[in-house]
1. With the condition kept exactly as written, say whether any residue in region 95-106 is surrounded by fewer than 13 Cβ atoms within 10 Å (Cβ to Cβ), in contact with a helix residue (DSSP H, G or I) (Cβ under 8 Å, 6 or more places away or on another chain) and either modelled with pLDDT of 95 or more or not hydrophobic (A, V, I, L, M, F, W, C) (or both).
2. Report yes if Gly90 is touching a strand residue (DSSP E or B) at 6+ places or on another chain (Cβ under 6 Å) and either part of a loop (DSSP other than H, G, I, E, B) or more than 18 Å from Asn46 (Cβ to Cβ) (or both), otherwise no.
3. From the list Gly160, Gly78, which residue is out of contact with any Lys or Arg (no Cβ under 8 Å at 6 or more places or on another chain), part of a strand (DSSP E or B), more than 22 Å from Ala51 (Cα to Cα) and at pLDDT 95 or above?
4. On the given criteria, is Asp29 more than 16 Å from Ser180 (Cβ to Cβ), in a strand (DSSP E or B) and out of contact with any helix residue (DSSP H, G or I) (no Cβ under 9 Å at 6 or more places or on another chain)?
5. Applying the selection to region 165-181, what residues are in contact (Cβ under 8 Å) with a residue 40 or more places away in the chain, under 30 Å from Arg35 (Cβ atoms) and part of a strand (DSSP E or B)?
6. Return a yes/no flag: does region 124-134 have any residue that is surrounded by 16 or more Cβ atoms within 10 Å (Cβ to Cβ) and in contact with a helix residue (DSSP H, G or I) (Cβ under 9 Å, 6 or more places away or on another chain).
7. Could you run through region 123-157 and say how many residues are of a type outside the set (D, E, K, R), in a loop (DSSP other than H, G, I, E, B) and farther than 28 Å from Asn106 by Cα?
8. State which residue is farthest from Lys171 (Cα to Cα) when the search covers only region 31-50 and only residues that are modelled with pLDDT of 95 or more and of a type in the set (Gly, Ala, Ser).
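The values are calculated or read from the model by the stated rules, or taken from the named source; none is laboratory data. None of these values were measured; they are calculated from a predicted model. No Cβ is skipped: glycine too gets one built from the backbone with ideal geometry, and neighbour counts run over all protein chains shown.
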Amino acid sequence: MKKVLVALAAVSALSAIAGDYVSLSVENDKSRVDRSNAVVETVRANKDIGAGFNIAIQDRTQVENAGGMFNSVEGTVGYQVVSPLNVYVGAGRDQGLNGGKDQAYNYGLVGFTAGVPVGPTYAFAGAKTHANWDKDAPKQTVAYAGVSLPVTKTFAVEVGGSASFQDIKDKAYGITGRVSF
């Protein structure tokens, strides 16, 4: 519960700088390698900065059911190529298991998201991959998809899932609350 309150406080703080949306996601994550489970909480903020460009930040915390925690922070700059397609590049930092000494690593990332209205909902899908410059850092590509259902003019509930490939092989599903400004 304490973690959720901290995440909600972060969303409130980010809302002052993010004019488009902030969101809080909670997911069930399962390793496809050792079948371990984890709970993932992600806070995102996105801002349209004009001329088709947008910036985003993401803070992701994964708490392993067997014990231990991973945390990563990413920042991206995106560009809407055509109406439903946004491509982005960015950088991130993964703190490693429990923020242990010599476990953290930095990475670049590239990806895309596309979405279309489907009745009263909005369906989206995308993928991103790490562009690691440290040969020892784990490689990861994530594919994701979901559906967003507007509840009010400024609040939507999203359900979705993702799958990770390469060195990190996870699958996840969850729910997101998204507030637009």
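1. So far as region 95-106 goes, yes, one or more of its residues are surrounded by fewer than 13 Cβ atoms within 10 Å (Cβ to Cβ), in contact with a helix residue (DSSP H, G or I) (Cβ under 8 Å, 6 or more places away or on another chain) and either modelled with pLDDT of 95 or more or not hydrophobic (A, V, I, L, M, F, W, C) (or both).
2. Numbers: touching a strand residue (DSSP E or B) at 6+ places or on another chain (Cβ under 6 Å): yes; either part of a loop (DSSP other than H, G, I, E, B) or more than 18 Å from Asn46 (Cβ to Cβ) (or both): no.
Spelling it out, it is not the case that Gly90 is touching a strand residue (DSSP E or B) at 6+ places or on another chain (Cβ under 6 Å) and either part of a loop (DSSP other than H, G, I, E, B) or more than 18 Å from Asn46 (Cβ to Cβ) (or both).
3. Numbers: Gly78 fails: more than 22 Å from Ala51 (Cα to Cα).
After ruling out the rest, the residue left standing is Gly160.
4. On the way: more than 16 Å from Ser180 (Cβ to Cβ): yes; in a strand (DSSP E or B): yes; out of contact with any helix residue (DSSP H, G or I) (no Cβ under 9 Å at 6 or more places or on another chain): yes.
Yes; evaluated as a whole, the condition is true for this residue.
5. Pass one, region 165-181, residues in contact (Cβ under 8 Å) with a residue 40 or more places away in the chain: 169-181.
From what is left, the residues that are under 30 Å from Arg35 (Cβ atoms) are 169-177.
Of everything in region 165-181, those that are in contact (Cβ under 8 Å) with a residue 40 or more places away in the chain, under 30 Å from Arg35 (Cβ atoms) and part of a strand (DSSP E or B) turn out to be Asp170, Lys171, Ala172, Tyr173, Gly174, Ile175, Thr176, Gly177.
6. no
7. Taking region 123-157 as the starting set, the residues that turn out to be of a type outside the set (D, E, K, R) are 123-127, 129-133, 137-138, 140-152, 154-157.
Applying the additional criterion that residues be in a loop (DSSP other than H, G, I, E, B) yields 132-133, 137-138, 151-152, 154.
Next cut, farther than 28 Å from Asn106 by Cα only: 151-152, 154.
Within region 123-157, residues that are of a type outside the set (D, E, K, R), in a loop (DSSP other than H, G, I, E, B) and farther than 28 Å from Asn106 by Cα number 3.
8. Across region 31-50, the extreme among qualifying residues is Ala45.
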